[in-house]
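The values are calculated or read from the model by the stated rules, or taken from the named source; none is laboratory data. Computed from a prediction, not measured in an experiment: that's the story for all the values here. Here the Cβ positions follow ideal geometry from the backbone for every residue, glycine too, while neighbour counts run over all protein chains shown. The protein model used for the area step is the full one, side chains on, heavy atoms only, and it has no ligands, DNA or RNA in it. Shrake-Rupley method; radii C 1.70, N 1.55, O 1.52, S 1.80 Å.
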Amino acid sequence: MNEHHPLPARQIDPDDIGYNDSASPSFDSILAARLNRRDFLLGSASTGAMAIFGGISLSACNSDASETTPIEKLLGFKAVPKSLADLVLVPEGYSYSVLYALGDPLSASTPAYKNDGSDMDFENRAGDHHDGMEYFGFSAEGLPSSLSNDRALIGMNHEATTNEDTSTPSFFLHTDGGTATLPRPASEVDKETAIHGISVFEIKKTDNKFSYVSSSAYNFRIHCLTPVEIHGTASGSALLKTKYSPDGAMTRGTLNNCGTGRTPWGTLLSGEENWSGYFTRSATDDAARGTDKSVTSLNRYGRKQGAASRHGWETGGSDDKYQRWNISKTGTSTDGSDDYRNELNGMGYIVEVDPYDRTRKARKHTALGRFAHEAAAFSRPVEGKPLAVYQGDDSRNEYIYKWVSSANWSSADANSSDRLATGSKYLDSGKLYVAKFNADGSGQWIELSIANASIAAYAAYTFADQADVCVNSRLAGDAVSATKMDRPEWCNVNPATGEVYFTLTNNSNRRVEPSSSPQLAPDSANPRYYTDMKGSTEQKGNPNGHIIRIAESGGEASATGFTWDVYLFGAESTASTAGVNLSNLTADQDFSSPDGLVFSTSTGICWIQTDDGAYSDVTNCMMLAALPGKVGDGNKLTLSYAKADGSKLNVDTYVGKQPTTDTLKRFLVGPAACEITGACETPDGKALFINIQHPGETTARTNIADPSKYTSHWPGNAGYGSGGSSARPRSATIVITKNDGGRVGS
Ligand code: FEO
Ligand code: CA
Ligand code: CA
């Protein structure tokens, strides 16, 4: 049951993508005073929002003594060791159970999941590759409730599906592993498009145990063909016109949904990440388009002419639902209303879903920018002040963004009866910024506005209007020389301080002396270049990643300046503390490739999750519990790199206070070849939900008929569903509780 198999080298990590060939920025030396502000943890707006939607800050510091043990010590558990077992490991004194796995039915009439490749009707089943998720409390009367610890709706992303490389099908979903040549059968394509998107499902606690309610009338799915509305600046723009939506106000589906956010008004935000690769473009499409500026945009977003699609969905047939995956110019119209040449512009947004009302269409908020979105994290709401939404673009050398609403926060909106109208109030009108990190520990938010001369006069791309800036935010970021980061993944706001944490998962393209354009020299915010060994293979660049954090000037969400430091550097505990293990991680704390990052609003614990291929010779992916301090609580460091001509490249950086076992500890290790992602909790902090994504993803498609060669059998081998120790692996949500009934992480 616990055996693991030699893992074949992953040929292609579908998430390790980079298309940023723009010229590198030079550093400004803008001085910003280091922040020394009073926290405003208990501001009236937070309190107002909390009454309805949960509590962000107050419960973090004023936990109810009657509900928690008086001797509670956060991070009091014994660290979980690194592991290669095909099991979920949690600390002594904790338990977990599987809640909701790939294929589980979402209606009473949908049969139980057989997990042998024969199952159909995925529009009414759990999708694949569970990712970000949020908890939406639900009262017994069926109303939104911030206080419900035993009934809720979970809104969850289904990011992708397990494929061997970028040209093979979702092989665990098909009986014989599916068709790995083109054309793809329509029946296989229909299944694969249905397992992407979003789930909303009801959970309930009975006899002290959570389960999902398969027959709930509140359950629903959004998938690749569900009608979705385009909102904000680019809605109706010429860039959005398609055969499906000649007025540019609609598209079909949401794709590669990765991180999430939870709005202060009780809706789900879902980030569309690696959507570009699902579309194909003909080898002669540049000329067909007259080599117009759309070619520049397509190239910048990873669709050069001749690009093959990830799963060949465009070959499913002549029906429009297959042809929309071919974004070549095939029509004769001047505006694109007779083909899908503009279809790619309908993907890459923050999507808002009202989990409490399945009759409302989801909305794509174009003003927040178009890129490989991860999470969308709100600033702490303050009555009468704008809201900020922090966002990262997860590709190599991409940017960090911030949205600032035009509307000032009104705590009455936390209780809005039309939640999507409230969403449009805060997310359709405002300013989009991109981050620039300076070598002195300061930073700037640069507005991406058509009024900005650097954007209006950008030589590489002529922006028509603000809609064009939103749709091509990567190009706008290039125009203002934003800082190229080591793959920004999740971000979240520390409810105790308001500071913003961004995971930077890794970057294989850092080099002291870059030899080609995707390669970049280390800079202050991305300061490491080193070689890590995986077995006998050298991994160069920044294979282990780091976590950067930002303190807004004056603590204001709308600030245009900030200070920053690196909270933690990922590293193996045995690596050099001089140049690699700069946070001095011990064996109970060491990690690589941070990805998910979520703060508990109950305990204040920062949950750090990994999606790692660098340390996977030693351990499966994991989750750590952290109690971070504040920006500036550590030291300035200068890293000195030798260059070939004998000179030095010196890079100043700022590392947070070194963690101790009281402030950082491994809490969980997942099964083989998975990533750990997504986290949400009950308001009392006593049940923590996380996702195990793609266990066994290193399985070779050609081994589908031989279960002994699957690299994972979880969760079948843990007794969930059919198949036991020879089950096909399934992405799944687990719920973690403490055996003594205490809060998770104590
Ligand atoms: Fe979907 Fe960048 O993780
Ligand atoms: Ca290693
Ligand atoms: Ca991620």
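Quick notes
- Label-to-label distance, nm, for residues given as S118 and A456 (7 Å Cα→Cβ offset): 6.6 nm
- Label-point gap, in nm, between K205 and S107 - each point 7 angstrom along Cα→Cβ: 3.1 nm
- Anchor K73: aspartates and glutamates whose Cα lies under 20 Å away (excluding residues fewer than 8 positions away in-chain): D64, E92, D588, D662, E681, D684, D740
- Packing, taken as the mean count of other beta carbons within 10 Å per residue, orders the peptides 412-425, 463-476 from highest to lowest as 463-476, 412-425.
- Taking label points 7 Å from Cα along the Cα-to-Cβ direction, A644 and E383 give a separation of 6.4 nm.
- Cross-link pairs beyond the 23 Å C-alpha cut-off, checked among K402/K484; K82/K686; K78/K686; K402/K630; K630/K665: K82/K686
- Remark on G236: its backbone amide H falls under 5 Å from those of A249, a criterion applied only to residues 5 or more positions apart or on other chains, H modelled at 1.01 Å from N.
- Quarter of the Cα convex hull surface for region 578-714, i.e. its orientation-mean projected area (nm²): 11.8 nm²
- Share of carbon and sulfur in the accessible heavy-atom surface of region 595-746 [1.4 Å probe, %]: 47 percent
- Along the axis of the charge dipole computed for the chain (Cβ charges of +1 for Lys and Arg, -1 for Asp and Glu, origin at the Cα centre), the listed residues L520, A287, G721 are led at the positive end by L520.
- Net charge of neighbours whose Cβ lies under 14 Å from the Cβ of S416, counting Lys and Arg as +1 and Asp and Glu as -1: -2
- Across region 242-389, Cα-Cα pairs farther apart than 18 Å form 61% of the total.
- Å² of accessible area per residue within region 535-583, as computed with a 1.4 Å probe and no ligands counted: 28 Å²
- Charge dipole magnitude, Cβ of K and R +1, D and E -1 - the chain, Cα centre, debye nearest 20: 680 debye
- Backbone HN-Hα couplings from phi across region 350-362 [Karplus 6.51/-1.76/1.60, Hz, Gly and Pro as x]: 8, 10, 9, 10, 8, x, 8, 9, 5, 7, 8, 6, 5
- N739-D662 FRET efficiency (beta carbon distance; Förster radius 25 Å; 0.05 resolution): 0.70
- Accessible surface, per residue, of region 153-282 when the full set of protein chains is kept, probe 1.4 Å, Å²: 28 Å²
- Fully extending the segment from N635 to A464 would add 57.1 nm, taking 0.36 nm per residue of separation and subtracting the current Cα-Cα distance.
- Charge tally in the Cβ shell below 14 Å around S576, where Lys, Arg are +1 and Asp, Glu are -1, S576 excluded: -2
- Heavy-atom accessible area per residue - region 622-695, 1.4 Å, Å²: 33 Å²
- Extension gain, K78 to R358, is 96.6 nm, computed as 0.36 nm per intervening residue step minus the present C-alpha separation.
- Accessible surface of region 306-447 [probe 1.4 Å, protein heavy atoms]: carbon and sulfur percent: 42 percent
- Within straight-line cross-link reach of K304, lysines at Cα separation under 16 Å, skipping those fewer than 8 residues along the same chain: K293, K329
- Relative contact order, percent, the chain [alpha-carbon distance under 8 Å, six or more residues apart]: 17 percent
- CD proxy at 222 nm, helix term only [per DSSP H run n ≥ 4: -39500 (n - 2.57); per residue of the chain; nearest 500]: -2000 deg cm²/dmol
- Exposure ranking of K636, K436, K630 by accessible area [1.4 Å probe, largest first]: K636, K630, K436
- Computed from the Kirkwood radius of its Cα pairs, the Stokes-Einstein diffusion coefficient for the chain at 10 °C and 1.306 mPa s stands at 62 µm²/s.
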